[in-house]
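The values are calculated or read from the model by the stated rules, or taken from the named source; none is laboratory data. Computed from a predicted structure; not experimentally measured. When we count neighbours, we look across all protein chains shown, and the Cβ atoms used for this are built from the backbone with ideal geometry, even at glycine.
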Amino acid sequence: MSNALLDLRVHHKAYSGRSVLRHVHLRLAAGEVLSLVGASGCGKSTLLRIAAGLDRDFEGQVLLDGTPLQGPASRDIGYVFQEPRLFPWLSVERNVGFDADRSPDHARVAALLAEVGLSGYEKALPKQLSGGQAQRVAIARALYTRPRLLLLDEPFSALDAFTRIKLQDLVVELARRHGSSLLMVTHEVEEAVLLSDRVLVLEASPGRIARSVEVPLAHPRARGDAALARWRQDVLEALQAVHAL
Amino acid sequence: MHADHELTAHLDAHPDTAADTATEPAPRPRKPQPRWLGLLVPASLLLLAEAATRAGWLASNLLPAPSEVLATLQQLAQQGLLGHIAASSARVAAGFVLGAGLALLLGAWVGLSPLALALLNPSFQALRAIPSLAWVPLLLLWLGIDEAPKIVLIAIGAFFPIYMGVASGIRDVDRKLVEVARLRGLSRTALAGRVLLPAALPAVLTGLRNGLSLAWMFMVAAELIAASRGLGYLLTDGRETSRADIVLAAIVLLAVLGKLSDSLMVALEARTLHWRDSFGEAPR
């Protein structure tokens, strides 16, 4: 753990005079999948925005591979939001290759679209996609720059149950194949335990890490695996302890 | 295990209510109505007017029959009507290009730069509150009665809707899209060119369309006041010679020209915004 990919320290973060985060120290090893759970308003999304460099107004520092994060534009970081946030006037190909503007790497875009199951959709416009397809495009876009860290802010919450299951499996598999670490905010204990190597339970006002639950099961995991129940119970108890439930 | 499941099910349940709709098919578009339906009302009114004047219910010197207006149009066509149309269209085109050009530049600047917004926007809002016809005496004093005051008046009329469309269109761009661009490290110019301007395009085109219809309106105002050519001149001429048929002929031509230029704008809008995912077709 000495050479963490992400080392994030927030001494204090206030939002319009209110303390949102205090004394949060979060380390993420290369290849690790880490989930943040907690009641709404506990600052977990803020933590993710700080990790991405989108929010610079806090006391503390973010180290990516040992060097301080300068701004939001690191190609080592990919970000998937709750909604797809595609540019409606750009084709799927230009959205995925947005980083390269007018000259996206066609082969790379095609390969990513194949991986998310959208081969042949290069020329489609976002308005022609379903919610699940749009989110797949957003995931492909986040992977375009070959990021070592993928930040996901409740990426599956806007999807129906079937699409959600498919995309959960897809994201973890892609992260493994591309060697990316995952830092995911979620409000679903089931999802957190199923996908993560470690689940951090956040306490609210001010937000701080109340508990860290390791889930030492090998991937890929079966959704119905009875062994998962134990860690789910741990996380639920931790959530109850911080009055998130 | 059962207890767990209930708890997680409870956790699962709450945030998804709004989200489930995201993957449902979009609401069925309204059934398009046949285009000829729009002709029903004007055609009936024309027939009614024709019948009413022929039957002598209406004085034909006040409301000439549509057939009479048509005859007047044919007669005018042989007496340089095209020249009048060309003069008016040229004024609209020149004023619109001048006003739209300035509005696009200044609107984009105010939209993109907080400094320009603070510096210029209050003044523009104040100027916008002036009824544009109030400029007429001043323009006549400053610029004489030639083409210049007419074109400037038309430009003023076209300026404000376009300026508002551009400036507020850029200001209203979804912060969420801007964040995506920030994550890719776009420079200020790249952000403007690749995200802000395309995202503001619907508002810009609406502004251009409104600006164009105002340009026609101000062209008539300018020509009513002082002109020796143009459709506004025909209106004045018809009034002075008590020829309601000439006045109506000019009005018909203004309607046709306004509608034509608006249709061009709608076509441009449809081409440029083909990516837009909207509910119904735009009112044409």
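On the basis of being more than 10 Å from every other protein chain (Cβ to nearest Cβ), without any contact (Cβ under 8 Å) to a residue 60 or more places away in the chain and part of a strand (DSSP E or B), does A:Arg221 make the cut? Here the answer is no, as A:Arg221 does not meet what is asked.
For the range A:165-177, the criterion of being within 14 Å of chain B (Cβ to nearest Cβ) and charged (D, E, K, R) is met by at least one residue. Scanning the range A:25-41 for residues that are among the hydrophobic types (A, V, I, L, M, F, W, C) and at pLDDT 85 or above yields A:Leu26, A:Leu28, A:Ala29, A:Ala30, A:Val33, A:Leu34, A:Leu36, A:Val37. Scan the range A:129-168 for residues that are modelled with pLDDT under 90 and among the acidic types (Asp, Glu) and the total you get is 1. Against the test of being outside any helix (DSSP H, G or I), of a type outside the set (Lys, Arg) and either within 10 Å of chain A (Cβ to nearest Cβ) or buried (at least 18 other Cβ atoms within 10 Å of the Cβ) (or both), the options B:Leu186, B:Leu177, B:Leu196, B:Leu201 yield a single qualifying residue, B:Leu186.
Selection of the range A:23-44 for residues being surrounded by fewer than 18 Cβ atoms within 10 Å (Cβ to Cβ), touching a strand residue (DSSP E or B) at 6+ places or on another chain (Cβ under 7 Å) and farther than 15 Å from A:Leu150 by Cβ yields A:His23, A:His25, A:Arg27. I'd like to know if the range B:74-91 contains one or more residues that are surrounded by 13 or more Cβ atoms within 10 Å (Cβ to Cβ), farther than 27 Å from B:Leu212 by Cβ and either modelled with pLDDT of 90 or more or within 14 Å of chain A (Cβ to nearest Cβ) (or both). For the range B:74-91, residues surrounded by 13 or more Cβ atoms within 10 Å (Cβ to Cβ), farther than 27 Å from B:Leu212 by Cβ and either modelled with pLDDT of 90 or more or within 14 Å of chain A (Cβ to nearest Cβ) (or both): present. The lone criterion from (1) small (Gly, Ala, Ser); (2) part of a strand (DSSP E or B); (3) within 12 Å of chain B (Cβ to nearest Cβ) left unmet by A:Ser212 is number (3). Pairs linking a residue in the range A:143-155 that is away from chain B (no Cβ under 13 Å) to a residue that is modelled with pLDDT under 90, with Cβ atoms under 6 Å and 6 or more positions apart or on different chains, are A:Arg148/A:Asp76; A:Arg148/A:Ser180. Criterion applied to A:Asp197, A:Asp234 was being farther than 23 Å from A:His11 by Cα, free of Cβ contacts under 8 Å to residues at least 60 places away in the same chain and acidic (Asp, Glu), and the one residue passing it is A:Asp234. Quick one: is A:Ala138 closer than 24 Å to B:Pro202 by Cα and part of a helix (DSSP H, G or I)? Answer is yes for this residue.
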